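Following: one structure in structure tokens, then a few remarks.
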Amino acid sequence: MSVQIRKKKNRTGSQYRRKYRNQKYVFVFLVIGTAFVVFGAIWGPEQLSQYRDRYTLNKIKAEAVEGNGEGYRYSLNNNEKLYILSKCLTNQVLPESEASALTKVQTDMDYNNLTGNYAFVVNHQEPSDKEITEEQIYERCNEELAKMYTLAILPEEVRNVTAATHSAVLYSAIDVLEPRNNLSVWKISLKTGQQNAKKEGCLLDVYIDADTGLVYEFYVRTAGSTWADIDSDKMVAQWSEYLGLTGQGVYEDTNPLLETTSDYKKYKFAGVDNGNTVVTVGFYEGINELFLKISR
């Protein structure tokens, strides 16, 4: 009996020593593992930083970069471009013509520090490789005016523009809340020194896409055409086809009190999201000035 008790006590003691030894091993492993983690956290980032410095510092690398004025630009369709430009022009006080300038309050605005949802600012950078340059814009404008006459967008031919008679300024139209929605446009205007010159058949103002050369808005003096001679429905239909616009609708919210002439007709085109671009074809009697504008 006593022998059996001693054997049982020996087995129990052996099991206890084995269990204690296993716990000690586990504890040692945990201590070593923790030490490795702490050491890696301290030593690892420093060594990685030194390795990256050795790889990048004091070494010359060739890297392809974009040219001056280039950068990432979100691809917009013509409806979206028209909408953004319309919003920018509507929110900025920029007289489009001699007649419309008389109806607007002139202010000294700093176009480099505009606030709001849309901004229309002078682009002081050189045009990118994909954009029309200042040397090319006059010839391109004449080509587009001739094309618009052929398409019956213009009722009669317009005299060619030159650097001697007109000025060209590159602008950026920007959706401030979504800056990737932007486009560059050339504004060509009759020079101040030409205001007293003969204006029949003369272009006064035009906005041209700096990428495509397409005309978004214009003011011209006709030589003999009157409002009765203008088929505004056909004119807008041809202009929208020329620009590749879609989603034309009837504009019903017309308020004559907001217009500067009694001879006009409004249209609308689908814009960004649920917005619409309002297009106005109008005519100033007396000075025979025809316009197609996208700014209200």
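Could you give log10 I(q)/I(0) at q = 0.14, 0.15, 0.17, 0.18 Å⁻¹ for the stretch 202-296, computed by the Debye formula over C-alpha point scatterers of equal weight, without solvent? The Cα Debye sum returns log10 ratios of -0.53, -0.61, -0.79, -0.88.
Protection proxy ranking of 124-130, 257-263, 187-193, by the mean of other Cβ atoms within 10 Å over each peptide's residues and highest first, is 187-193, 124-130, 257-263. Remark: the stretch 179-260 carries 46 Å² of accessible area per residue (probe radius 1.4 Å; ligands, DNA and RNA excluded).
Which of the peptides 157-167, 213-223 is most tightly packed, and how do the rest follow, going by the mean number of other Cβ atoms within 10 Å of each residue? Can you show the working numbers first?
Details: 157-167: 15.9, 213-223: 22.1.
Those peptides, ordered most packed to least, come out 213-223, 157-167.
Cross-link pairs exceeding 21 Å between alpha carbons, from the set LYS87/LYS266; LYS87/LYS187; LYS87/LYS234; LYS130/LYS268; LYS81/LYS268; LYS87/LYS198: LYS87/LYS234; LYS130/LYS268; LYS87/LYS198.
The values are calculated or read from the model by the stated rules, or taken from the named source; none is laboratory data. Not measured: the values here are computed from a predicted model. Neighbour counts are summed over all protein chains in view; Cβ atoms, including those assigned to glycine, are modelled from backbone coordinates with ideal geometry. Remember, those area values only see protein heavy atoms, side chains included, never the ligands or the DNA or RNA. Shrake-Rupley method; radii C 1.70, N 1.55, O 1.52, S 1.80 Å.
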